[in-house]
């Protein structure tokens with residue numbers, strides 16, 4: 001857990017930075033609520049993975065981020 005804010009709140013603050021559009025963001029969270037995940041993608045999160053995660057799934061999500069145009 002992040003001490004001051006969660007990943008969604010951090011991402012909302014990050015998107016106010018002008019050059020942020022070029023920075024992919026992936027949330028790794030223990031929260032597996034459908035609404036939380038849906039909200040994350042709505043605000044522009046590149047990928048979301050819940051803990052505990054499958055290492056192969058994590059690698060695939062990172063590859064998707066790195067290989068996206």
statement: All conditions in (1) in a loop (DSSP other than H, G, I, E, B); (2) modelled with pLDDT of 95 or more; (3) surrounded by fewer than 10 Cβ atoms within 10 Å (Cβ to Cβ) are true of residue 53 except (3)
field: Single match in 65, 37 (criterion: under 13 Å from residue 8 (Cα atoms) and either under 14 Å from the mean Cα position of the chain (by Cα) or surrounded by 13 or more Cβ atoms within 10 Å (Cβ to Cβ) (or both))
entry: 37
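Does segment 14-32 contain any residue that is at pLDDT 85 or above, exposed (fewer than 12 other Cβ atoms within 10 Å of the Cβ) and assigned to a helix (DSSP H, G or I)? Spell out the reasoning first.
Step one: filter segment 14-32 for residues at pLDDT 85 or above, giving 24-32.
Subsequent filtering for residues that are exposed (fewer than 12 other Cβ atoms within 10 Å of the Cβ) retains 30, 32.
Imposing the further condition that a residue be assigned to a helix (DSSP H, G or I) reduces the set to none.
Within segment 14-32, not a single residue is at pLDDT 85 or above, exposed (fewer than 12 other Cβ atoms within 10 Å of the Cβ) and assigned to a helix (DSSP H, G or I).
The values are calculated or read from the model by the stated rules, or taken from the named source; none is laboratory data. As the structure is a computational prediction, the values presented were derived from the model and not from experiment. Every residue, glycine as well, gets a Cβ built from its backbone with ideal geometry; the counts of neighbours run over all protein chains shown.
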